[in-house]
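Engineer: After the structure tokens below, expect a handful of questions from me.
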Amino acid sequence: MDQTYESKYHDLEATHPWFLGRRHMIIRLLRGTDRNQKILEIGCSAGYLLEILKKYGFQNLFGIDISREAVELCRKKGIDQVFQMDAADPKFSNNEFDLIIASDILEHMPDDVAAMKKWYKILKPGGKLIVFTPAFNFLWTEHDEINHHFSRYTKKKLSEIFRVTGFATLRISYWNFILFFPTVVIRFFHRVLVKKRHKTHDHLYRMNSLARVLFLGLLQFENLLLEFINFPIGVSVFGVVKK
């Protein structure tokens, strides 16, 4: 990842509604989880989720990221069990973790099945994996290319990967449903404009306070709805599976 882009990414992780909304959803998925479980976040970035989990009383927390800058940012937050490591081949013992979280990591794997098999091995029997990943290849833009993505996913494709790697699916749903149709329209016109300008750039935009509040409010409302339903479409897709 480009150094300038990475610094911008880490900066926006703290306040951008999309990151805040996803962390809010993950915390909801973890309700009822034993605080003593050994948890690994694959691709922990600057450690914002691990920091929140620590505040919620989870103490046995580990993280890995391929970026040295990300690892250093985590350690500055007092999250010590964070290591520079490739998500495609995490160097841990078999059957080591009770829970693994991988938020927007699978799409970075050249061989997603091989990577998930590695994750399966380091989970304890009965352990759970939570995966978030971008949805639908027709939403592909230069933002995916800048982020070195190999694919976007559908529920069917993600379910099949879970199946062939040995996981039992507990739940799978799309996420960011409310903003799906605006995103489709915006990305269509953006794609046309980019082709005309012959230039690429990321989609990490700063928002004013009102826009942030509205965007985050919509995502948190959707997270509440996900208590009762699964969405048929969305900008992202997530799965909760068990070894």
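Engineer: Residues that are closer than 29 Å to LYS155 by Cβ, more than 13 Å from the chain's Cα centre (by Cα) and of a type in the set (Phe, Trp, Tyr): list the helices (runs of 4 or more DSSP H) wholly contained in the range 39-132 that include at least 1 such residues. Full working, then the answer.
Structural biologist: Numbers: elements: 48-55, 68-76, 112-122.
Helices (runs of 4 or more DSSP H) meeting the threshold: 112-122.
Engineer: Looking at (1) within 26 Å of LEU226 (Cα to Cα); (2) part of a loop (DSSP other than H, G, I, E, B); (3) of a type in the set (A, V, I, L, M, F, W, C), which one does LEU20 not meet, given that it meets all the others?
Structural biologist: Of the numbered conditions (1) within 26 Å of LEU226 (Cα to Cα); (2) part of a loop (DSSP other than H, G, I, E, B); (3) of a type in the set (A, V, I, L, M, F, W, C), the odd one out for LEU20 is (2).
Engineer: Turning to a different aspect of this structure: Could you list all residues from the range 1-17 that are over 22 Å from ASP89 (Cβ atoms), over 15 Å from the mean Cα position of the chain (by Cα) and in a loop (DSSP other than H, G, I, E, B)?
Structural biologist: Scanning the range 1-17 gives ASP2, THR15.
Engineer: What is the number of the single condition among (1) assigned to a loop (DSSP other than H, G, I, E, B); (2) among the charged types (D, E, K, R); (3) out of contact with any strand residue (DSSP E or B) (no Cβ under 8 Å at 6 or more places or on another chain) that ASP34 does not meet?
Structural biologist: All conditions pass for ASP34, except number (3).
Engineer: Quick check on this structure: which one of ASP34, ASP65, ASP80, ASP86 is among the acidic types (Asp, Glu), out of contact with any Pro (no Cβ under 9 Å at 6 or more places or on another chain) and modelled with pLDDT under 95?
Structural biologist: Exactly one of ASP34, ASP65, ASP80, ASP86 is among the acidic types (Asp, Glu), out of contact with any Pro (no Cβ under 9 Å at 6 or more places or on another chain) and modelled with pLDDT under 95, namely ASP80.
Engineer: Can you tell me which residue is surrounded by the fewest Cβ atoms within 10 Å (Cβ to Cβ) among those in the range 140-156 that are modelled with pLDDT under 90 and either in a strand (DSSP E or B) or over 15 Å from the mean Cα position of the chain (by Cα) (or both)?
Structural biologist: GLU145
Residue-by-condition table, conditions (1) among the small types (Gly, Ala, Ser); (2) touching a residue at least 60 places away in the same chain (Cβ under 8 Å):
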position: GLY78; (1), (2): yes, no
position: ASN95; (1), (2): no, no
position: ILE105; (1), (2): no, yes
position: PRO110; (1), (2): no, no
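Engineer: Select, from GLY234, GLY239, the only residue that is more than 29 Å from ASN95 (Cα to Cα), buried (at least 17 other Cβ atoms within 10 Å of the Cβ) and modelled with pLDDT of 95 or more.
Structural biologist: Going through GLY234, GLY239 in turn, just one is more than 29 Å from ASN95 (Cα to Cα), buried (at least 17 other Cβ atoms within 10 Å of the Cβ) and modelled with pLDDT of 95 or more: GLY234.
Engineer: Could you please give the count of residues in the range 157-215 that are surrounded by 15 or more Cβ atoms within 10 Å (Cβ to Cβ), more than 22 Å from LEU20 (Cα to Cα) and at pLDDT 90 or above?
Structural biologist: 7
Engineer: Still on this structure, please answer the following. Cβ-Cβ distance below 9 Å, separation of 6 or more or different chains: which pairs start in the range 172-194 with a residue that is assigned to a helix (DSSP H, G or I) and end on one that is charged (D, E, K, R) and at pLDDT below 85?
Structural biologist: Close Cβ pairs satisfying both conditions: HIS190/GLU142; ARG191/GLU142; VAL194/GLU142.
The values are calculated or read from the model by the stated rules, or taken from the named source; none is laboratory data. If you're wondering where the values come from, they're calculated on a predicted model, not measured in any experiment. No Cβ is skipped: glycine too gets one built from the backbone with ideal geometry, and neighbour counts run over all protein chains shown.
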